[in-house]
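Here's the structure, in C-alpha coordinates; my notes come after.
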Amino acid sequence: MKKLMGVLLVVLALVVGIVPLFTDCLSQGRALTTTDGKTVPMKCHWTAIAEIGAAIPLGLVGIFNITSKRKETFSTLSLLGMGLGALIIAFPTVLIGVCANPSMICNMIMKPTLIAAGTLAIAASLVVFVISVRMDRGQANIAQAAG
Amino acid sequence: MNLYWLASKNISGNAFRTGVVALCALLVGSFALFTTLLMRGAENSLRLAINRLGADIVVVPEGSEAKIESALLMGVPARFWMSRDILSQIAAFPDVESASPQLYLATLTGASCCSVSDMFIIDYDPQTDFTIQPWLEQNQLDMLRLGEVVGGTYISATDGKQNITVYGYLVTLMANLEPTGTGLDQSMFLTFDTAYDIASKSVQQAERPLEIPTDSISAVMIKAKPGSDPHLLAVEILQTIPGVTPIESSNLFQSYRQQMTGLLKTILFIMSITWVLCVLLLGLVFSMAANERRKELGVLRSLGATRRFVFQSLLTEATLLAFAGGATGLALTVLIIILFRNALVALLGLPFLLPSAGSLLLQVLVGLFLALFSVNLAALLPAMKISRQDPAIAMRE
(Lines give C-alpha, C1' and ligand atoms only; values in the text may rest on other atoms or scores of the structure.)
Protein backbone atom coordinates (compact mmCIF):
# COMPACT_ATOMS: atom_id res chain seq x y z
CA MET A 1 0.00 0.00 0.00
CA LYS A 2 2.82 2.39 0.93
CA LYS A 3 4.58 1.67 -2.36
CA LEU A 4 1.34 2.28 -4.23
CA MET A 5 0.91 5.61 -2.45
CA GLY A 6 4.56 6.40 -3.25
CA VAL A 7 3.88 5.82 -6.96
CA LEU A 8 0.76 8.01 -6.70
CA LEU A 9 2.81 10.80 -5.10
CA VAL A 10 5.41 10.62 -7.92
CA VAL A 11 2.61 10.84 -10.53
CA LEU A 12 1.03 13.77 -8.67
CA ALA A 13 4.43 15.49 -8.48
CA LEU A 14 4.76 15.16 -12.26
CA VAL A 15 1.24 16.58 -12.73
CA VAL A 16 1.96 19.50 -10.37
CA GLY A 17 5.30 20.25 -12.04
CA ILE A 18 4.27 19.88 -15.69
CA VAL A 19 0.55 20.71 -16.15
CA PRO A 20 0.78 24.37 -14.95
CA LEU A 21 3.51 25.10 -17.49
CA PHE A 22 1.06 24.34 -20.30
CA THR A 23 -2.06 25.80 -18.72
CA ASP A 24 -0.96 29.22 -17.52
CA CYS A 25 -2.00 32.28 -19.53
CA LEU A 26 1.54 32.88 -20.82
CA SER A 27 1.53 29.46 -22.50
CA GLN A 28 -1.56 30.67 -24.43
CA GLY A 29 0.26 33.86 -25.49
CA ARG A 30 -1.58 36.10 -23.03
CA ALA A 31 0.44 38.64 -21.03
CA LEU A 32 0.03 42.11 -19.54
CA THR A 33 1.40 45.09 -21.46
CA THR A 34 2.71 47.94 -19.30
CA THR A 35 2.46 51.62 -20.26
CA ASP A 36 6.06 51.58 -21.50
CA GLY A 37 5.24 48.74 -23.89
CA LYS A 38 6.85 45.88 -21.97
CA THR A 39 5.02 42.56 -21.68
CA VAL A 40 4.78 41.10 -18.18
CA PRO A 41 3.51 37.58 -17.39
CA MET A 42 0.28 37.42 -15.39
CA LYS A 43 0.39 36.03 -11.85
CA CYS A 44 -0.74 32.54 -12.87
CA HIS A 45 2.67 32.15 -14.51
CA TRP A 46 4.43 32.76 -11.18
CA THR A 47 2.14 30.21 -9.55
CA ALA A 48 3.18 27.71 -12.24
CA ILE A 49 6.87 28.40 -11.51
CA ALA A 50 6.35 28.15 -7.73
CA GLU A 51 4.59 24.80 -8.16
CA ILE A 52 7.81 23.33 -9.61
CA GLY A 53 9.41 24.10 -6.25
CA ALA A 54 6.70 22.09 -4.50
CA ALA A 55 6.62 19.30 -7.10
CA ILE A 56 10.30 18.35 -6.74
CA PRO A 57 10.22 17.60 -2.97
CA LEU A 58 6.83 15.86 -3.41
CA GLY A 59 8.39 13.61 -6.05
CA LEU A 60 11.28 12.85 -3.68
CA VAL A 61 8.81 12.01 -0.90
CA GLY A 62 7.12 9.59 -3.32
CA ILE A 63 10.45 7.99 -4.31
CA PHE A 64 11.50 7.60 -0.64
CA ASN A 65 8.12 6.01 0.09
CA ILE A 66 8.82 3.44 -2.64
CA THR A 67 12.47 2.74 -1.79
CA SER A 68 12.66 3.24 1.99
CA LYS A 69 12.71 0.17 4.18
CA ARG A 70 13.07 1.95 7.52
CA LYS A 71 9.69 2.08 9.19
CA GLU A 72 10.53 5.21 11.19
CA THR A 73 10.84 7.35 8.07
CA PHE A 74 7.29 6.76 6.83
CA SER A 75 5.50 8.95 9.37
CA THR A 76 8.01 11.80 8.76
CA LEU A 77 7.64 11.40 4.98
CA SER A 78 3.86 11.40 5.21
CA LEU A 79 3.83 14.56 7.32
CA LEU A 80 6.10 16.19 4.74
CA GLY A 81 3.76 14.99 1.96
CA MET A 82 0.76 16.53 3.73
CA GLY A 83 2.58 19.84 4.12
CA LEU A 84 3.58 19.88 0.45
CA GLY A 85 0.01 19.01 -0.58
CA ALA A 86 -1.26 21.99 1.43
CA LEU A 87 1.39 24.21 -0.19
CA ILE A 88 0.34 23.03 -3.68
CA ILE A 89 -3.24 24.11 -2.88
CA ALA A 90 -2.13 27.37 -1.24
CA PHE A 91 -0.10 28.70 -4.22
CA PRO A 92 -3.04 29.19 -6.65
CA THR A 93 -5.61 30.03 -3.96
CA VAL A 94 -3.96 32.09 -1.21
CA LEU A 95 -0.24 32.72 -1.65
CA ILE A 96 0.04 33.86 -5.29
CA GLY A 97 -3.31 33.23 -6.98
CA VAL A 98 -4.37 33.06 -10.62
CA CYS A 99 -6.01 35.54 -13.00
CA ALA A 100 -9.39 37.02 -11.98
CA ASN A 101 -11.31 35.97 -15.08
CA PRO A 102 -13.03 32.60 -14.45
CA SER A 103 -13.08 31.75 -18.17
CA MET A 104 -9.28 31.93 -18.53
CA ILE A 105 -7.39 28.64 -18.88
CA CYS A 106 -5.52 29.14 -15.59
CA ASN A 107 -8.86 29.34 -13.79
CA MET A 108 -10.57 26.57 -15.73
CA ILE A 109 -7.75 23.98 -15.83
CA MET A 110 -4.62 24.96 -13.87
CA LYS A 111 -6.16 25.97 -10.54
CA PRO A 112 -8.59 23.00 -10.28
CA THR A 113 -5.85 20.57 -11.34
CA LEU A 114 -3.52 21.88 -8.63
CA ILE A 115 -6.24 21.81 -5.95
CA ALA A 116 -7.19 18.25 -6.95
CA ALA A 117 -3.52 17.13 -7.01
CA GLY A 118 -2.84 18.79 -3.63
CA THR A 119 -5.92 17.16 -2.10
CA LEU A 120 -4.89 13.75 -3.44
CA ALA A 121 -1.32 14.24 -2.16
CA ILE A 122 -2.69 15.02 1.32
CA ALA A 123 -5.01 11.98 1.17
CA ALA A 124 -2.22 9.64 0.00
CA SER A 125 0.16 10.93 2.70
CA LEU A 126 -2.59 10.52 5.30
CA VAL A 127 -3.02 6.87 4.26
CA VAL A 128 0.76 6.27 4.64
CA PHE A 129 0.69 8.04 8.01
CA VAL A 130 -2.20 5.89 9.31
CA ILE A 131 -0.47 2.70 8.10
CA SER A 132 2.84 3.67 9.71
CA VAL A 133 1.15 4.56 13.02
CA ARG A 134 -0.71 1.23 13.02
CA MET A 135 2.55 -0.60 12.23
CA ASP A 136 4.28 1.17 15.11
CA ARG A 137 1.45 0.23 17.47
CA GLY A 138 1.57 -3.37 16.28
CA GLN A 139 5.30 -3.55 16.93
CA ALA A 140 4.88 -1.96 20.37
CA ASN A 141 2.22 -4.56 21.24
CA ILE A 142 4.53 -7.40 20.13
CA ALA A 143 7.42 -5.96 22.16
CA GLN A 144 5.13 -5.57 25.21
CA ALA A 145 3.92 -9.17 24.87
CA ALA A 146 7.52 -10.45 24.51
CA GLY A 147 8.77 -8.34 27.44
CA MET B 1 -12.87 -14.53 14.83
CA ASN B 2 -15.78 -12.50 13.51
CA LEU B 3 -17.10 -11.79 10.02
CA TYR B 4 -15.34 -8.45 9.58
CA TRP B 5 -11.98 -9.79 10.78
CA LEU B 6 -12.17 -12.70 8.33
CA ALA B 7 -13.30 -10.46 5.48
CA SER B 8 -10.57 -7.85 6.12
CA LYS B 9 -7.88 -10.55 6.28
CA ASN B 10 -9.08 -11.94 2.93
CA ILE B 11 -9.09 -8.44 1.44
CA SER B 12 -5.53 -7.66 2.54
CA GLY B 13 -4.37 -11.13 1.44
CA ASN B 14 -5.16 -10.69 -2.26
CA ALA B 15 -4.16 -7.31 -3.66
CA PHE B 16 -5.18 -8.08 -7.27
CA ARG B 17 -8.71 -9.20 -6.44
CA THR B 18 -9.13 -6.31 -4.02
CA GLY B 19 -7.94 -3.85 -6.66
CA VAL B 20 -10.24 -5.18 -9.41
CA VAL B 21 -13.36 -5.26 -7.23
CA ALA B 22 -12.71 -1.81 -5.72
CA LEU B 23 -12.00 -0.38 -9.18
CA CYS B 24 -15.28 -1.76 -10.58
CA ALA B 25 -17.20 -0.32 -7.62
CA LEU B 26 -15.39 2.98 -8.13
CA LEU B 27 -16.36 3.03 -11.83
CA VAL B 28 -20.01 2.18 -11.24
CA GLY B 29 -20.47 4.67 -8.40
CA SER B 30 -18.59 7.55 -9.99
CA PHE B 31 -20.17 7.11 -13.44
CA ALA B 32 -23.66 7.08 -11.95
CA LEU B 33 -23.00 10.18 -9.83
CA PHE B 34 -21.28 12.04 -12.67
CA THR B 35 -24.21 11.47 -15.03
CA THR B 36 -26.83 12.40 -12.45
CA LEU B 37 -25.00 15.53 -11.31
CA LEU B 38 -24.40 16.73 -14.84
CA MET B 39 -27.95 16.18 -16.08
CA ARG B 40 -29.67 17.51 -12.97
CA GLY B 41 -27.27 20.47 -12.89
CA ALA B 42 -28.14 21.37 -16.49
CA GLU B 43 -31.88 20.89 -15.88
CA ASN B 44 -31.78 23.08 -12.73
CA SER B 45 -29.90 25.71 -14.65
CA LEU B 46 -32.49 25.78 -17.47
CA ARG B 47 -35.37 25.96 -14.96
CA LEU B 48 -33.74 28.84 -13.06
CA ALA B 49 -33.09 30.76 -16.29
CA ILE B 50 -36.76 30.41 -17.32
CA ASN B 51 -37.90 31.48 -13.83
CA ARG B 52 -35.52 34.45 -13.92
CA LEU B 53 -36.95 35.66 -17.23
CA GLY B 54 -40.43 35.28 -15.73
CA ALA B 55 -42.22 35.42 -19.09
CA ASP B 56 -44.96 33.10 -20.36
CA ILE B 57 -44.03 33.90 -23.95
CA VAL B 58 -40.94 35.49 -25.50
CA VAL B 59 -41.44 37.09 -28.92
CA VAL B 60 -38.34 37.37 -31.13
CA PRO B 61 -37.74 38.20 -34.79
CA GLU B 62 -38.43 35.28 -37.10
CA GLY B 63 -35.36 33.03 -37.41
CA SER B 64 -33.77 34.24 -34.15
CA GLU B 65 -35.04 31.45 -31.92
CA ALA B 66 -31.68 29.66 -31.68
CA LYS B 67 -29.82 32.96 -31.27
CA ILE B 68 -31.81 34.05 -28.21
CA GLU B 69 -31.38 30.63 -26.62
CA SER B 70 -27.60 30.71 -27.14
CA ALA B 71 -27.40 34.30 -25.91
CA LEU B 72 -29.42 33.81 -22.73
CA LEU B 73 -28.10 30.37 -21.94
CA MET B 74 -24.44 30.44 -22.95
CA GLY B 75 -23.76 34.18 -23.34
CA VAL B 76 -22.98 33.68 -27.04
CA PRO B 77 -22.95 37.06 -28.88
CA ALA B 78 -26.28 37.75 -30.58
CA ARG B 79 -27.60 40.71 -32.54
CA PHE B 80 -31.16 40.68 -33.78
CA TRP B 81 -33.69 43.46 -34.03
CA MET B 82 -37.33 44.08 -34.81
CA SER B 83 -39.43 47.22 -34.98
CA ARG B 84 -40.59 48.74 -31.67
CA ASP B 85 -44.12 49.01 -33.15
CA ILE B 86 -44.50 45.28 -32.52
CA LEU B 87 -44.60 45.98 -28.78
CA SER B 88 -47.81 48.03 -29.05
CA GLN B 89 -49.36 45.41 -31.35
CA ILE B 90 -48.62 42.70 -28.77
CA ALA B 91 -49.81 44.80 -25.82
CA ALA B 92 -53.15 45.24 -27.61
CA PHE B 93 -53.99 41.51 -27.35
CA PRO B 94 -56.73 41.05 -24.72
CA ASP B 95 -54.98 38.05 -23.10
CA VAL B 96 -51.71 39.95 -22.53
CA GLU B 97 -51.34 41.16 -18.95
CA SER B 98 -48.01 42.89 -19.54
CA ALA B 99 -45.54 43.11 -22.41
CA SER B 100 -42.03 44.39 -21.82
CA PRO B 101 -39.36 45.08 -24.45
CA GLN B 102 -35.73 43.99 -24.15
CA LEU B 103 -32.82 45.05 -26.30
CA TYR B 104 -29.73 42.85 -26.59
CA LEU B 105 -26.92 45.16 -27.36
CA ALA B 106 -23.38 44.06 -27.56
CA THR B 107 -21.15 41.49 -26.08
CA LEU B 108 -17.90 43.03 -25.00
CA THR B 109 -15.21 40.52 -25.76
CA GLY B 110 -12.27 40.68 -23.37
CA ALA B 111 -13.81 43.63 -21.54
CA SER B 112 -11.81 44.79 -18.53
CA CYS B 113 -15.06 45.46 -16.71
CA CYS B 114 -16.06 41.92 -16.08
CA SER B 115 -14.77 38.81 -14.47
CA VAL B 116 -15.79 36.97 -17.66
CA SER B 117 -14.46 37.57 -21.17
CA ASP B 118 -17.89 37.97 -22.81
CA MET B 119 -20.41 40.31 -21.27
CA PHE B 120 -23.94 40.44 -22.55
CA ILE B 121 -25.80 43.78 -22.22
CA ILE B 122 -29.57 43.56 -21.79
CA ASP B 123 -31.60 46.79 -21.84
CA TYR B 124 -35.06 46.77 -20.29
CA ASP B 125 -37.90 49.15 -19.69
CA PRO B 126 -38.36 49.65 -15.91
CA GLN B 127 -41.97 50.80 -16.36
CA THR B 128 -43.16 47.49 -17.83
CA ASP B 129 -40.40 45.06 -16.81
CA PHE B 130 -41.13 41.93 -14.80
CA THR B 131 -37.70 40.26 -15.12
CA ILE B 132 -35.48 42.53 -13.02
CA GLN B 133 -37.97 44.85 -11.32
CA PRO B 134 -39.59 42.23 -9.00
CA TRP B 135 -36.11 41.06 -7.99
CA LEU B 136 -35.08 44.63 -7.16
CA GLU B 137 -38.24 45.14 -5.08
CA GLN B 138 -37.72 41.81 -3.34
CA ASN B 139 -34.21 42.92 -2.37
CA GLN B 140 -35.45 46.35 -1.26
CA LEU B 141 -33.65 48.17 -4.04
CA ASP B 142 -35.06 51.18 -5.85
CA MET B 143 -35.83 51.29 -9.55
CA LEU B 144 -32.59 51.66 -11.52
CA ARG B 145 -31.78 55.29 -12.29
CA LEU B 146 -29.63 56.72 -15.07
CA GLY B 147 -26.15 55.17 -14.93
CA GLU B 148 -27.15 52.33 -12.61
CA VAL B 149 -26.94 48.66 -13.57
CA VAL B 150 -27.60 45.20 -12.15
CA GLY B 151 -25.16 42.42 -13.03
CA GLY B 152 -25.23 38.66 -13.24
CA THR B 153 -23.18 36.81 -10.67
CA TYR B 154 -19.93 37.03 -12.71
CA ILE B 155 -20.09 40.80 -13.22
CA SER B 156 -17.76 42.61 -10.86
CA ALA B 157 -16.81 46.25 -10.34
CA THR B 158 -13.44 47.34 -11.72
CA ASP B 159 -13.30 51.07 -11.03
CA GLY B 160 -13.59 51.63 -7.30
CA LYS B 161 -16.02 49.63 -5.22
CA GLN B 162 -19.07 49.79 -7.47
CA ASN B 163 -18.15 51.27 -10.82
CA ILE B 164 -17.64 49.66 -14.20
CA THR B 165 -16.51 51.37 -17.38
CA VAL B 166 -18.71 50.45 -20.35
CA TYR B 167 -17.79 52.07 -23.68
CA GLY B 168 -15.92 54.80 -21.74
CA TYR B 169 -19.02 55.45 -19.57
CA LEU B 170 -18.90 54.87 -15.83
CA VAL B 171 -21.91 52.88 -14.63
CA THR B 172 -22.67 51.91 -11.03
CA LEU B 173 -23.17 48.24 -10.23
CA MET B 174 -26.10 48.26 -7.78
CA ALA B 175 -26.37 44.51 -7.11
CA ASN B 176 -25.57 41.05 -8.43
CA LEU B 177 -28.26 38.49 -9.22
CA GLU B 178 -28.06 34.95 -7.84
CA PRO B 179 -26.23 32.42 -10.05
CA THR B 180 -28.24 30.47 -12.64
CA GLY B 181 -25.34 28.67 -14.34
CA THR B 182 -26.39 30.25 -17.67
CA GLY B 183 -25.42 33.21 -19.85
CA LEU B 184 -27.55 35.40 -17.56
CA ASP B 185 -24.69 35.15 -15.03
CA GLN B 186 -22.48 37.15 -17.40
CA SER B 187 -25.17 39.66 -18.40
CA MET B 188 -25.51 43.27 -17.39
CA PHE B 189 -29.03 44.67 -17.06
CA LEU B 190 -29.58 48.38 -17.58
CA THR B 191 -32.46 50.65 -18.52
CA PHE B 192 -33.09 51.96 -22.05
CA ASP B 193 -32.28 55.50 -20.82
CA THR B 194 -28.84 54.42 -19.56
CA ALA B 195 -28.19 52.58 -22.82
CA TYR B 196 -29.05 55.63 -24.94
CA ASP B 197 -26.87 57.82 -22.67
CA ILE B 198 -23.93 55.40 -23.06
CA ALA B 199 -24.44 55.33 -26.83
CA SER B 200 -24.47 59.11 -27.16
CA LYS B 201 -21.38 59.62 -24.99
CA SER B 202 -19.46 56.64 -26.36
CA VAL B 203 -18.92 58.53 -29.63
CA GLN B 204 -16.40 60.77 -27.82
CA GLN B 205 -15.37 58.58 -24.88
CA ALA B 206 -14.97 55.07 -26.29
CA GLU B 207 -12.54 53.54 -28.79
CA ARG B 208 -15.56 51.95 -30.49
CA PRO B 209 -18.96 53.65 -30.11
CA LEU B 210 -21.99 51.74 -28.90
CA GLU B 211 -24.48 51.52 -31.75
CA ILE B 212 -28.15 51.24 -30.91
CA PRO B 213 -30.52 50.91 -33.86
CA THR B 214 -33.29 53.48 -33.62
CA ASP B 215 -36.80 52.33 -32.66
CA SER B 216 -35.66 48.73 -32.42
CA ILE B 217 -36.00 46.04 -29.80
CA SER B 218 -34.68 42.47 -29.67
CA ALA B 219 -37.44 40.68 -27.82
CA VAL B 220 -40.76 41.19 -26.08
CA MET B 221 -41.39 39.40 -22.79
CA ILE B 222 -45.08 38.61 -22.34
CA LYS B 223 -46.97 37.71 -19.21
CA ALA B 224 -50.38 36.24 -20.04
CA LYS B 225 -53.49 37.14 -18.02
CA PRO B 226 -54.33 34.63 -15.27
CA GLY B 227 -56.70 31.97 -16.62
CA SER B 228 -55.73 32.53 -20.27
CA ASP B 229 -53.98 29.87 -22.34
CA PRO B 230 -50.41 30.98 -23.26
CA HIS B 231 -50.36 28.46 -26.12
CA LEU B 232 -53.47 29.98 -27.75
CA LEU B 233 -52.03 33.45 -27.22
CA ALA B 234 -48.76 32.38 -28.89
CA VAL B 235 -50.67 30.94 -31.87
CA GLU B 236 -52.71 34.16 -32.14
CA ILE B 237 -49.52 36.30 -32.15
CA LEU B 238 -47.94 34.04 -34.78
CA GLN B 239 -50.99 34.35 -37.02
CA THR B 240 -51.54 38.07 -36.53
CA ILE B 241 -48.08 39.66 -36.50
CA PRO B 242 -45.83 38.83 -39.45
CA GLY B 243 -42.05 38.42 -39.09
CA VAL B 244 -42.01 37.35 -35.44
CA THR B 245 -41.84 34.04 -33.58
CA PRO B 246 -43.49 33.62 -30.19
CA ILE B 247 -41.69 31.07 -27.96
CA GLU B 248 -43.65 29.66 -25.03
CA SER B 249 -41.63 29.37 -21.81
CA SER B 250 -42.19 25.60 -21.83
CA ASN B 251 -40.56 25.47 -25.29
CA LEU B 252 -37.75 27.88 -24.44
CA PHE B 253 -34.24 26.42 -24.74
CA GLN B 254 -35.74 23.52 -26.71
CA SER B 255 -32.55 22.95 -28.72
CA TYR B 256 -30.57 22.64 -25.48
CA ARG B 257 -33.16 20.27 -24.05
CA GLN B 258 -32.82 18.13 -27.20
CA GLN B 259 -29.03 18.26 -26.90
CA MET B 260 -29.32 17.23 -23.25
CA THR B 261 -31.68 14.38 -24.10
CA GLY B 262 -29.26 13.16 -26.78
CA LEU B 263 -26.35 13.38 -24.38
CA LEU B 264 -28.34 11.65 -21.67
CA LYS B 265 -29.22 8.77 -24.00
CA THR B 266 -25.56 8.34 -25.00
CA ILE B 267 -24.36 8.49 -21.40
CA LEU B 268 -27.06 6.07 -20.23
CA PHE B 269 -26.11 3.66 -23.03
CA ILE B 270 -22.40 3.81 -22.11
CA MET B 271 -23.28 3.55 -18.41
CA SER B 272 -25.47 0.47 -18.98
CA ILE B 273 -22.66 -1.24 -20.92
CA THR B 274 -20.12 -0.29 -18.22
CA TRP B 275 -22.44 -1.56 -15.48
CA VAL B 276 -23.10 -4.91 -17.22
CA LEU B 277 -19.37 -5.40 -17.95
CA CYS B 278 -18.45 -4.48 -14.36
CA VAL B 279 -21.00 -6.91 -12.89
CA LEU B 280 -19.81 -9.68 -15.26
CA LEU B 281 -16.15 -9.01 -14.42
CA LEU B 282 -16.93 -8.94 -10.71
CA GLY B 283 -18.92 -12.17 -11.02
CA LEU B 284 -15.91 -13.78 -12.71
CA VAL B 285 -13.49 -12.47 -10.07
CA PHE B 286 -15.69 -13.70 -7.21
CA SER B 287 -16.20 -17.10 -8.92
CA MET B 288 -12.41 -17.48 -9.30
CA ALA B 289 -11.88 -16.39 -5.70
CA ALA B 290 -14.52 -18.79 -4.40
CA ASN B 291 -13.03 -21.63 -6.45
CA GLU B 292 -9.53 -20.79 -5.22
CA ARG B 293 -10.70 -20.77 -1.59
CA ARG B 294 -12.74 -24.00 -1.69
CA LYS B 295 -10.32 -25.88 0.56
CA GLU B 296 -10.00 -22.94 2.96
CA LEU B 297 -13.77 -22.59 3.22
CA GLY B 298 -14.10 -26.38 3.54
CA VAL B 299 -11.73 -26.25 6.55
CA LEU B 300 -13.79 -23.43 8.03
CA ARG B 301 -16.99 -25.50 7.63
CA SER B 302 -15.34 -28.58 9.17
CA LEU B 303 -14.24 -26.44 12.15
CA GLY B 304 -17.87 -25.62 12.83
CA ALA B 305 -18.62 -22.59 10.68
CA THR B 306 -22.19 -22.68 9.39
CA ARG B 307 -23.20 -22.29 5.75
CA ARG B 308 -24.68 -18.96 6.70
CA PHE B 309 -21.33 -17.82 8.17
CA VAL B 310 -19.42 -18.73 4.99
CA PHE B 311 -22.06 -17.03 2.82
CA GLN B 312 -22.04 -13.92 4.99
CA SER B 313 -18.23 -13.74 5.10
CA LEU B 314 -18.07 -13.63 1.29
CA LEU B 315 -20.79 -10.99 1.07
CA THR B 316 -19.16 -8.94 3.86
CA GLU B 317 -15.91 -9.00 1.89
CA ALA B 318 -17.78 -7.82 -1.21
CA THR B 319 -19.57 -5.09 0.76
CA LEU B 320 -16.36 -3.77 2.34
CA LEU B 321 -14.63 -3.62 -1.05
CA ALA B 322 -17.67 -2.01 -2.70
CA PHE B 323 -17.86 0.57 0.08
CA ALA B 324 -14.16 1.45 -0.14
CA GLY B 325 -14.14 1.62 -3.97
CA GLY B 326 -17.52 3.33 -4.22
CA ALA B 327 -16.73 5.95 -1.57
CA THR B 328 -13.36 6.74 -3.20
CA GLY B 329 -14.98 7.05 -6.63
CA LEU B 330 -17.80 9.24 -5.35
CA ALA B 331 -15.39 11.52 -3.46
CA LEU B 332 -13.25 11.89 -6.59
CA THR B 333 -16.31 12.61 -8.74
CA VAL B 334 -17.58 15.32 -6.39
CA LEU B 335 -14.09 16.85 -6.29
CA ILE B 336 -13.78 16.80 -10.10
CA ILE B 337 -17.29 18.20 -10.69
CA ILE B 338 -16.81 21.03 -8.19
CA LEU B 339 -13.31 21.97 -9.37
CA PHE B 340 -13.74 21.51 -13.12
CA ARG B 341 -17.35 22.70 -13.57
CA ASN B 342 -16.38 25.70 -15.71
CA ALA B 343 -14.23 23.51 -17.98
CA LEU B 344 -17.08 20.98 -18.26
CA VAL B 345 -19.57 23.71 -19.20
CA ALA B 346 -17.19 24.96 -21.90
CA LEU B 347 -16.51 21.41 -23.14
CA LEU B 348 -20.12 20.17 -23.24
CA GLY B 349 -21.73 23.48 -24.21
CA LEU B 350 -24.43 23.03 -21.59
CA PRO B 351 -25.36 25.26 -18.67
CA PHE B 352 -24.62 23.85 -15.24
CA LEU B 353 -25.43 24.72 -11.65
CA LEU B 354 -24.18 22.77 -8.63
CA PRO B 355 -26.97 21.19 -6.58
CA SER B 356 -27.64 22.10 -2.96
CA ALA B 357 -25.71 20.22 -0.24
CA GLY B 358 -28.76 18.11 0.64
CA SER B 359 -29.42 17.14 -2.95
CA LEU B 360 -25.72 16.34 -3.49
CA LEU B 361 -25.67 14.11 -0.40
CA LEU B 362 -28.75 12.26 -1.63
CA GLN B 363 -27.15 11.67 -5.03
CA VAL B 364 -23.92 10.46 -3.38
CA LEU B 365 -25.92 8.00 -1.26
CA VAL B 366 -27.73 6.70 -4.37
CA GLY B 367 -24.35 6.24 -6.09
CA LEU B 368 -23.00 4.37 -3.08
CA PHE B 369 -26.09 2.16 -2.98
CA LEU B 370 -25.63 1.35 -6.69
CA ALA B 371 -21.97 0.38 -6.10
CA LEU B 372 -22.91 -1.81 -3.11
CA PHE B 373 -25.81 -3.40 -5.01
CA SER B 374 -23.70 -4.15 -8.11
CA VAL B 375 -20.82 -5.78 -6.21
CA ASN B 376 -23.15 -7.79 -3.97
CA LEU B 377 -25.19 -8.90 -6.97
CA ALA B 378 -22.02 -10.18 -8.64
CA ALA B 379 -20.85 -11.93 -5.45
CA LEU B 380 -24.24 -13.47 -4.65
CA LEU B 381 -24.13 -16.49 -6.97
CA PRO B 382 -20.53 -17.63 -6.20
CA ALA B 383 -21.19 -17.12 -2.46
CA MET B 384 -24.37 -19.23 -2.59
CA LYS B 385 -22.61 -21.93 -4.60
CA ILE B 386 -19.57 -22.22 -2.33
CA SER B 387 -21.55 -22.06 0.93
CA ARG B 388 -23.74 -24.98 -0.18
CA GLN B 389 -20.81 -27.23 -0.98
CA ASP B 390 -20.10 -30.23 1.22
CA PRO B 391 -16.92 -29.50 3.29
CA ALA B 392 -15.51 -33.02 2.85
CA ILE B 393 -15.74 -32.81 -0.96
CA ALA B 394 -14.37 -29.27 -0.96
CA MET B 395 -11.28 -30.26 1.07
CA ARG B 396 -10.63 -33.43 -0.95
CA GLU B 397 -10.71 -31.75 -4.40
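How many of the residues in segment B:62-97 are part of a helix (DSSP H, G or I), aliphatic (A, V, I, L, M) and surrounded by fewer than 18 Cβ atoms within 10 Å (Cβ to Cβ)?
Looking only at that region, the number is 2.
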Fill in: Enumeration of residues in segment B:296-329 that are away from chain A (no Cβ under 14 Å), under 16 Å from B:Leu26 (Cα atoms) and buried (at least 23 other Cβ atoms within 10 Å of the Cβ)
B:Glu317, B:Ala318, B:Leu321, B:Ala322, B:Gly325, B:Gly326
Item to complete: Read through the list (1) closer than 29 Å to A:Gly6 by Cα; (2) assigned to a helix (DSSP H, G or I), then give the number of the only condition that A:Ser27 fails.
Response: (1)
Fill in: Number of the condition not met by B:Phe286 [criteria: (1) assigned to a helix (DSSP H, G or I); (2) within 14 Å of another protein chain (Cβ to nearest Cβ)]
(2)
Item to complete: Go through the residues of segment A:22-41 one by one and say whether even a single one is modelled with pLDDT under 85, under 29 Å from A:Asp136 (Cα atoms) and of a type in the set (Gly, Ala, Ser).
Response: no
Item to complete: Please specify each residue of segment A:107-122 satisfying the condition of being farther than 17 Å from A:Cys44 by Cα, in contact (Cβ under 8 Å) with a residue 40 or more places away in the chain and not small (Gly, Ala, Ser).
Response: A:Leu120, A:Ile122
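Here is a yes/no grid of residues against (1) at pLDDT below 85; (2) surrounded by 21 or more Cβ atoms within 10 Å (Cβ to Cβ); (3) within 14 Å of chain A (Cβ to nearest Cβ):
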| position | (1), (2), (3) |
| --- | --- |
| B:Cys114 | yes, yes, yes |
| B:Phe120 | yes, yes, yes |
| B:Phe130 | yes, no, no |
| B:Val150 | no, yes, no |
| B:Thr158 | yes, no, yes |
| B:Tyr167 | yes, yes, no |
| B:Asp185 | yes, yes, yes |
| B:Thr214 | yes, no, no |
Practice prompt. Of the conditions (1) of a type outside the set (D, E, K, R); (2) buried (at least 17 other Cβ atoms within 10 Å of the Cβ); (3) in contact with a Phe, Trp or Tyr (Cβ under 7 Å, 6 or more places away or on another chain); (4) not in a loop (DSSP other than H, G, I, E, B), B:Thr274 clears all except one; give me its number.
Written response: (2)
Worksheet item: Out of curiosity, is A:Glu51 part of a helix (DSSP H, G or I), more than 15 Å from A:Ala124 (Cβ to Cβ) and within 17 Å of the chain's Cα centre (by Cα)?
Response: yes
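The values are calculated or read from the model by the stated rules, or taken from the named source; none is laboratory data. All figures in this text were calculated on a predicted structure; none of them were measured in a lab. All Cβ positions, glycine included, derive from the backbone under ideal geometry; neighbour counts span all protein chains shown.
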